[in-house]
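The values are calculated or read from the model by the stated rules, or taken from the named source; none is laboratory data. In this text, all values refer to a predicted model and were calculated from it rather than measured experimentally. Please note: Cβ atoms are built from the backbone with ideal geometry, for glycine as well, and neighbour counts cover all protein chains shown.
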Amino acid sequence: MSEVILKDLVKRYPNGFQAVNSINLEIQDKEFVVLVGPSGCGKSTTLRMVAGLEEVSEGQILIGDRVVNDVAPKDRNIAMVFQNYALYPHMDVFTNMAFGLKLRKFPKDEIDKRVKDAAEILGITQLLDRKPKQLSGGQRQRVAVGRAIVRDPEVFLFDEPLSNLDAKLRVTMRAELSKLQHRLETTMIYVTHDQVEAMTMGDRIVIMKDGYIQQVGAPLEVYDFPQNEFVAGFIGSPPMNFFRAKLVKANGNLAVDMGNFQLKIPSQYTSFYDKYLNKDVNFGLRPEDISDIYPEDETWEKFKAVVEVIEPLGAEIILELSKADHSFVARVAPHSKSKLNEEVTVYFDMRKMHLFDPETGKVIV
Ligand code: ATP
């Protein structure tokens, strides 16, 4: 079993800065968990504590059923892949991959077998006698992963391993690492600031901000049910639209008042929100839940807005729109008839709306 448990984990750097604030997380055996969040949120610090590269200030880290706080990195049975690959430039690929095993005094035959098997899995057998400088970025990245695989660790740790690759290669390597995880059936903890990477790779994602965990869940769960405004805005591209609004009663219905216009809340949801009547709220709606074509559904609310920007992306069009002092983004079908600087009727799918408390940022349910 190679579950990883973080219990009340705190990291305080020598200058007194607390980068990780009492984190609790249980990563299951064979699970692929992605830590994601903006720069400085403490994700790398967390990973480095699991690796043993940073001391734990408070709390515990368990790998399997062993508390590893005081276990040296080399004895934790983990392997880490870094952003810069950290390959030895003077050694060929084979020697780079074999290095950790040689240090651990593995027999030569065993080293040979493990390196060749890993090279086969990663499709780099033909590169074994090359030096790192003779490799492309993607190939170097595979070697770095290969060096981790040969160790047959209980847990793989990845710190932004794809961020030095170009966009296309990143997509390919994302899929390869996911496949690799299924093949190796090993626990993986992966750190990235890229929410797309997190969404596409993780069994579960952990969204962090300012050293705190904001939400943990399966990618779609987090996407559909963000627990606070930060998560709602961080996950999804283009991001969720937010509108400052007030909950009001209009003609007997609960509605969100945007200042110059009101949107009716479908009756099946009103009971959730009664206690916020006449209070300020933040109304959130994802760009794909806004249309410029009549959706033939009465629960969608409509109003007129001005088209400020049109971005045709082929399979879809991104529209930037404005209405009074609100601006928002819609993701519409490629056959949209909307024209720049003209007024268009937009439809909001009110069943998909999110409401947040403007003071706490927490979702209102
Ligand atoms: P990035 O994606 O930019 O690497 P991150 O989420 O991985 O960000 P960390 O590297 O974990 O963030 O850093 C978390 C916070 O701790 C940051 O504010 C950073 O400035 C601070 N920090 C990191 N290392 C140290 C250190 N040695 N001393 C003091 N503060 C540090």
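Brief remarks on what is shown
- Residue check for Tyr190: modelled with pLDDT of 90 or more, within 16 Å of the ligand (Cβ to nearest atom), within 27 Å of Phe99 (Cα to Cα) and out of contact with any Ser or Thr (no Cβ under 6 Å at 6 or more places or on another chain): yes
- So Glu31, is it assigned by TED's automatic domain parsing to the domain that holds Val222 and either surrounded by fewer than 17 Cβ atoms within 10 Å (Cβ to Cβ) or not acidic (Asp, Glu) (or both): no
- The residue of segment 311-352 that is nearest to Ile265 (Cα to Cα), among those that are touching a Lys or Arg at 6+ places or on another chain (Cβ under 7 Å) and of a type outside the set (A, V, I, L, M), is Lys352.
- Count - residues of segment 97-120 that are more than 17 Å from Lys74 (Cα to Cα) and either buried (at least 17 other Cβ atoms within 10 Å of the Cβ) or touching a Cys at 6+ places or on another chain (Cβ under 9 Å) (or both): 5
- Residue match in segment 332-345 (condition: surrounded by 15 or more Cβ atoms within 10 Å (Cβ to Cβ) and closer than 25 Å to Leu277 by Cβ): no
- Given (1) within 15 Å of the ligand (Cβ to nearest atom); (2) modelled with pLDDT of 95 or more, number of the condition Asn84 does not satisfy: (2)
- Identity of the residue in segment 246-288, under 13 Å from Asp349 (Cβ atoms) and not in a helix (DSSP H, G or I), that ends up nearest to the chain's Cα centre (by Cα): Arg286
- Each residue in segment 98-146 was checked for being out of contact with any Gly (no Cβ under 8 Å at 6 or more places or on another chain) and either free of Cβ contacts under 8 Å to residues at least 40 places away in the same chain or assigned to a loop (DSSP other than H, G, I, E, B) (or both), and 30 of them qualify.
- Count of segment 16-30 residues, restricted to those that are within 17 Å of Cys41 (Cα to Cα) and either out of contact with any helix residue (DSSP H, G or I) (no Cβ under 8 Å at 6 or more places or on another chain) or of a type in the set (Val, Ile, Thr) (or both), is 9.
- Any chance Tyr190 is of a type in the set (Phe, Trp, Tyr), under 13 Å from the mean Cα position of the chain (by Cα) and within 24 Å of Gly64 (Cα to Cα): yes
- Pairs linking a residue in segment 18-36 that is at positive phi to a residue that is part of a loop (DSSP other than H, G, I, E, B) and crowded, with 20+ Cβ neighbours inside 10 Å, with Cβ atoms under 7 Å and 6 or more positions apart or on different chains, are Lys30/Thr186.
- Note on segment 12-44: residues that are more than 6 Å from the ligand (Cβ to nearest atom) and assigned to a loop (DSSP other than H, G, I, E, B) amount to 7.
- Restricting attention to segment 157-177, the residues being more than 16 Å from the ligand (Cβ to nearest atom) and under 14 Å from the mean Cα position of the chain (by Cα) number 1.
- For segment 61-97, the tally of residues that are under 20 Å from Leu157 (Cβ atoms), assigned to a helix (DSSP H, G or I) and over 27 Å from the mean Cα position of the chain (by Cα) stands at 4.
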